[in-house]
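Input: a single structure, listed below in structure tokens.
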Amino acid sequence: MSDTLTTHKGHCHCNTVTWEIRAPADLRVDECDCSMCNMHGFQHIIVPRSRFTLLTGKDNLTTYSFNTHVAQHYFCKTCGIESFYVPRSNPDGYSVNFRCLERDNNWEKNAAALADLSKD
């Protein structure tokens, strides 16, 4: 894997909270089986604090913590999406949700492929 870092941008669903990370182009994505991540499908890309930049939406964030209260989960107050958080395993960094990275998604193509699933 190359040590060259690339800028990856991400955001919440309503695009109010935006951020970027500096990470390799070939991202390492990890899954966690804790109750929180398991329930909402968070796919982790963990970076040092110095390689995470919150671009917009700081005033639109709310936090949630539980158990040891080390992990700080940040949610957009408008759409409710947790696109990043400070993990208990890496309190000196951030974990961003791979699912919240800017990618070329095509909902209409995907919707067409799912349209018959609710038919008897």
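The values are calculated or read from the model by the stated rules, or taken from the named source; none is laboratory data. Quantities reported herein were computed from a predicted structural model and do not represent experimental measurements. We place every Cβ from the backbone using ideal geometry, glycine too, and count neighbours over all the protein chains shown.
Look at region 38-74 and say how many of its residues are hydrophobic (A, V, I, L, M, F, W, C) and farther than 11 Å from residue 95 by Cα. If you could, list the steps in order and put the result at the bottom.
At the first step, the residues of region 38-74 found to be hydrophobic (A, V, I, L, M, F, W, C) are 39, 42, 45-47, 52, 54-55, 61, 66, 70-71.
Subsequent filtering for residues that are farther than 11 Å from residue 95 by Cα retains 39, 54-55, 61, 66, 70.
Count: 6.
Quick grid of which residues meet (1) at pLDDT below 95; (2) under 14 Å from residue 101 (Cα atoms):
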| residue | (1), (2) |
| --- | --- |
| 7 | no, yes |
| 22 | no, yes |
| 34 | yes, no |
| 38 | yes, no |
| 45 | no, yes |
| 49 | no, no |
| 54 | no, yes |
| 68 | yes, no |
| 72 | yes, no |
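Please verify whether residue 76 is among the hydrophobic types (A, V, I, L, M, F, W, C), surrounded by 12 or more Cβ atoms within 10 Å (Cβ to Cβ) and touching a helix residue (DSSP H, G or I) at 6+ places or on another chain (Cβ under 7 Å), treating the condition exactly as stated.
Details: among the hydrophobic types (A, V, I, L, M, F, W, C): yes; surrounded by 12 or more Cβ atoms within 10 Å (Cβ to Cβ): yes; touching a helix residue (DSSP H, G or I) at 6+ places or on another chain (Cβ under 7 Å): yes.
The answer is yes for residue 76.
Filter the strands (runs of 3 or more DSSP E) completely within region 1-69 down to those with at least 3 residues that are in contact (Cβ under 8 Å) with a residue 60 or more places away in the chain and surrounded by 12 or more Cβ atoms within 10 Å (Cβ to Cβ). Before you say what the answer is, go through the steps one by one.
Working: elements: 5-11, 18-24, 43-48, 52-56, 61-64.
It comes to 5-11.
Taking the conditions exactly as written (over 25 Å from residue 6 (Cα atoms) and of a type in the set (S, T, N, Q)), does residue 50 satisfy them or not? It is false that residue 50 is over 25 Å from residue 6 (Cα atoms) and of a type in the set (S, T, N, Q).
Scan region 101-119 and give yes if some residue there is of a type in the set (S, T, N, Q), over 23 Å from residue 26 (Cα atoms) and either touching a residue at least 12 places away in the same chain (Cβ under 8 Å) or out of contact with any Cys (no Cβ under 6 Å at 6 or more places or on another chain) (or both), otherwise no. Give the derivation first.
Within region 101-119, the subset of a type in the set (S, T, N, Q) is 105-106, 110, 118.
This time we only want the ones that are over 23 Å from residue 26 (Cα atoms), so: 110, 118.
Next cut, either touching a residue at least 12 places away in the same chain (Cβ under 8 Å) or out of contact with any Cys (no Cβ under 6 Å at 6 or more places or on another chain) (or both) only: 110, 118.
Checked region 101-119: at least one residue is of a type in the set (S, T, N, Q), over 23 Å from residue 26 (Cα atoms) and either touching a residue at least 12 places away in the same chain (Cβ under 8 Å) or out of contact with any Cys (no Cβ under 6 Å at 6 or more places or on another chain) (or both).
Being of a type in the set (A, V, I, L, M, F, W, C), assigned to a helix (DSSP H, G or I) and modelled with pLDDT of 80 or more is the filter; apply it to region 80-111 and report the residue that is surrounded by the fewest Cβ atoms within 10 Å (Cβ to Cβ). So, considering only residues that are of a type in the set (A, V, I, L, M, F, W, C), assigned to a helix (DSSP H, G or I) and modelled with pLDDT of 80 or more, the one surrounded by the fewest Cβ atoms within 10 Å (Cβ to Cβ) is 98.
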